[in-house]
Every structure is written in C-alpha cells, then in structure tokens.
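> Just dropping this structure here.
Values in this text are rule-based calculations from the coordinates and carry no lab data. All of these numbers come straight from a predicted model, not from anything done at the bench. Cβ sites come from the backbone with ideal geometry, for glycine too, and all protein chains shown count toward neighbours.
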Amino acid sequence: MLNAAMDQHLRELLRELEEHGRENDARVTERPRMMLNLDPATAQLVSILVRASGVTRAVEIGTSNAYSTIWLAWSLGPAGGRIVSIDRNPDKHTLARDNLRRAGLLDRVELHTGDATAIVRQLAGPFDLVFLDADRRNFPEQIQILLPKLAAKALLIADNVLSHPEEIAEYLEFVSGLADFQHTTVPIGKGLSIAYRG
Ligand SMILES: C[S@@+](CC[C@H](N)C(=O)[O-])C[C@H]1O[C@@H](n2cnc3c(N)ncnc32)[C@H](O)[C@@H]1O
C-alpha cells in the first residue's frame with residue numbers, strides 16, 4: 001500500500017505506526033490513549049490528492065501520534081509545503097514530535113497543543129489544505145472560522161463520513177452547500193469527505 005517513491009526508512013516507520021496503532025487500539029479502553037490513526041488506504045488517497053493539487057499550506061486538526069501528519073508532511077514536501085497540526089492531548093504531541101523527528105519531517109510541522117476551535121481562531125493563514133480528523137461535531141464551527149483564512153485554491157478533507165455519519169452530518173451539509181467548492185464523499189476506510197475550490 002505504501003508509495004514506491006517513499007524511501008524505505010519512512011515506509012518502515014509508517015508500517016510500524018500502523019501495527020502499533022492496531023495493537024494499541026485493540027488493547028486500551030480509554031479513548032485518549034487510542035491512536036485512532038487514518039486507515040492506510042485513506043492516507044494513500046489523501047497523499048495523492050495533496051501531491052496532485054500542489055497545495056502547500058496545511059492545517060490539520062487531530063494529530064494523534066502524527067501518523068497522518070507524517071503522510072501530509074511528506075506529501076507537501078516536494079512543493080516546499082508546511083503544516084500546522086493541532087491536538088489537545090499533550091501526551092499525543094510528545095509521541096508526535098518523536099515520530100516526526102524519526103521521520104525527518106519535524107522541520108515541516110508546527111505542533112499546537114490545545115483546543116482546536118480556539119487555536120484556529122488565532123491562526124493567520126492563508127491555508128490551502130484543511131484536514132479534519134478530530135471532534136466531528138465541532139467541524140462546522142472550525143471550518144467556518146477557517147473559511148476566511150483560505151487561499152483562492154483550497155482542498156478541504158474530513159475523515160469518518162462512514163464511521164460516524166450522525167456526528168459529521170452537519171459538516172457535510174455545510175461543506176456540500178459551499179457554492180464555490182466541488183464536493184464528494186469517498187467510501188474508503190472510515191469514509192472521506194473531499195471538497196475542492198480550484
Ligand atoms: C482520530 S484521532 C487523529 C488521528 C490522526 N489524524 C492520525 O491519522 O494519526 C483524533 C485526535 O483529535 C484530538 N482531538 C479531539 N478533539 C479535539 C479538540 N477539540 N481539539 C484538539 N484536538 C482534539 C484527540 O486528542 C485525538 O488525538
């Protein structure tokens with residue numbers, strides 16, 4: 001599933017995180033201790049979208065241990081991109097920093113620890129990629145705060161369309177109603193919402 005153009009060290013690290021995430025999440029019961037990583041096939045699709053669209057200024061809500069952040073940072077890299085990644089759990093950010101360092105990608109990532117809705121209010125932008133993978137009921141508010149901070153060309157991606165349909169319904173209604181964006185949902189992994197303004 002991993003990308004042939006990705007070097008072996010990074011492929012091995014991502015595989016290690018995938019195995020650790022699966023094993024950890026099957027074992028622990030407290031949600032804050034779960035990794036809840038993106039499905040590998042979804043990560044691959046997100047990576048292709050990022051590389052094909054050429055976006056470079058990303059904000060991610062929901063870092064966890066940086067599995068998806070590594071994919072994003074690697075995908076943004078050739079175009080000189082950077083990513084701001086937010087998580088409210090400081091332990092997750094400790095793990096994320098370590099994993100990003102191991103990936104050799106920490107210099108492309110700014111980690112902000114705290115509540116995502118409060119943090120996105122403070123970010124200046126502009127952003128051309130928004131990746132939402134955290135508290136789905138707050139996605140509508142978060143995207144409305146981010147809309148004025150988007151570049152003319154922008155890609156908005158959100159996970160969990162199939163796994164949490166009720167929680168994400170309001171976001172889907174909002175994003176699919178944006179007149180200047182194309183929108184679709186893709187039944188891959190936990191279900192992906194993709195909106196693009198080109
Ligand atoms: C599904 S996990 C993210 C998985 C990650 N994108 C990956 O693929 O590896 C969701 C993360 O969002 C964080 N989170 C949930 N609600 C949040 C909020 N209101 N503000 C900031 N982080 C939040 C949780 O701590 C958790 O680490």
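> Determine the sum of side-chain charges near residue 163: Lys and Arg each +1, Asp and Glu each -1, restricted to other residues whose C-beta is under 12 angstrom from that of residue 163.
-3
> If you don't mind, another one. If I build a Gaussian network model for the chain, linking alpha-carbon pairs within less than 10 angstrom, which residue out of 85, 176, 68 has the largest mean-square fluctuation?
Judging by the Gaussian network model, the answer is 176.
> Let me ask you something else. Rank the residues 112, 164 as a footprinting-exposure proxy: fewest other Cβ atoms within 10 Å of their Cβ go first.
Least to most surrounded, the residues fall as 164, 112.
> Express the relative contact order of the stretch 38-197 as a whole percentage, based on alpha carbon pairs under 8 Å and six or more residues apart in sequence.
Value for the stretch 38-197: 21 percent.
> Going by how many other beta carbons lie within 10 Å of each one, how would you line up 193, 53, fewest first?
So the residues, fewest neighbours to most, are 53, 193.
> What net charge do the residues around residue 86 carry, taking every other residue with its C-beta under 13 Å from that of residue 86, with Lys and Arg at +1 and Asp and Glu at -1?
Combined, the nearby Lys, Arg, Asp and Glu give -3.
> Continuing with the same structure: What's the magnitude of the charge dipole for the stretch 38-197 around its Cα centre, counting Lys and Arg as +1 and Asp and Glu as -1 at the beta-carbon? Answer in Debye, nearest 20.
Rounded to the nearest 20 debye, it is 560 debye.
> Here's a follow-up. Please grab the % of Cα pairs in the stretch 1-119 that end up more than 18 Å from each other.
Tail of P(r) above 18 Å: 48 percent of Cα pairs.
> If you don't mind, there's one more thing I want to ask. At q = 0.10, 0.15, 0.16, 0.21 Å⁻¹, what base-10 log of I(q)/I(0) does the Debye formula yield for the stretch 53-198 when every alpha carbon is treated as an equal point scatterer in vacuo?
Scattering profile of the stretch 53-198, log10 relative to I(0): -0.30, -0.71, -0.82, -1.42.
> Taking the beta-carbon count within 10 Å as an exposure proxy, list 50, 84, 28 from fewest neighbours to most.
Ordered by Cβ neighbours within 10 Å, fewest first: 28, 84, 50.
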